Amino acid sequence: MKLPSAILACSLLLGALTVAAPPVQLADFTLKDQHGATRAYHFPKARVTVMTLADWRGSEQLEPWIQRVFDRYGQRLDIDGVADLSMVPKPLQAMVQRAFKGKLTYSVMLDWTGPVVRQFPRKPAVANLYVIDRRGRIVAQHSGPVNDSAAAALFGVIDRTLAAAR
């Protein structure tokens, strides 16, 4: 009886973390954040990145993930986020941008038309996290809320990616 439980647990864990094979190569991109500052991503980068991406419904799952990654890695890697705002009608964009300014103290890149978020394989209505190596390749992705087994799997990929970057 324990074997089927172990198989189920492994399949759930593997379903939560997808290792990109072959890795998806990101194109360089530039977006503005909620404060109007231009943020440019050019590869290769000096550090490994954990990129977060979510639509409005998935955004509530991001903060626990960001906190866990920051608590473990601090300044050893970049933690950035892109908000998928492609479904926001143009007349509401200023109001949504003000909401981001009021709610978040850290910079979030705002993708109003979708060209950046389309580079990332993603699931709607949940948090999406990506481990991106210094060359701009997505080496792993996780979609969904934080839990201990998913965090451990993600940290394993981050650890290996950081070790390879040395």
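The values are calculated or read from the model by the stated rules, or taken from the named source; none is laboratory data. Note that this is a predicted model, so its numbers are computed, not measured. Note that each Cβ is placed from the backbone with ideal geometry, even for glycine, and that neighbours are counted across all protein chains shown.
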For the structure I just gave you, tell me whether A21 is at pLDDT below 95 and among the small types (G, A, S). yes
Among the residues of the range 114-156, which ones are of a type in the set (A, V, I, L, M), closer than 17 Å to W56 by Cα and part of a helix (DSSP H, G or I)? V117
So is L129 buried (at least 20 other Cβ atoms within 10 Å of the Cβ), touching a strand residue (DSSP E or B) at 6+ places or on another chain (Cβ under 9 Å), of a type outside the set (G, A, S) and farther than 21 Å from A40 by Cα or not? no
Going through (1) under 20 Å from A164 (Cβ atoms); (2) modelled with pLDDT of 95 or more; (3) not acidic (D, E) one by one, G36 fails only at (1)
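Yes/no matrix, rows are residues, columns are (1) modelled with pLDDT of 95 or more; (2) of a type in the set (K, R); (3) part of a helix (DSSP H, G or I):
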site: A6; (1), (2), (3): no, no, yes
site: P44; (1), (2), (3): yes, no, no
site: R47; (1), (2), (3): yes, yes, no
site: I79; (1), (2), (3): yes, no, no
site: V82; (1), (2), (3): yes, no, no
site: L92; (1), (2), (3): yes, no, yes
Which one of the conditions (1) over 23 Å from H42 (Cβ atoms); (2) surrounded by fewer than 14 Cβ atoms within 10 Å (Cβ to Cβ); (3) touching a Lys or Arg at 6+ places or on another chain (Cβ under 8 Å) does T105 fail to meet, given that it meets all the rest? (3)
Within the set of pairs 6+ apart or on separate chains, which have a first residue in the range 45-68 that is touching a residue at least 24 places away in the same chain (Cβ under 8 Å) and more than 11 Å from I132 (Cα to Cα), a second that is assigned to a loop (DSSP other than H, G, I, E, B) and of a type in the set (K, R), and C-beta atoms under 9 Å apart? A46/R134; L53/R122; A54/R122; D55/R122; G58/R122; G58/K123
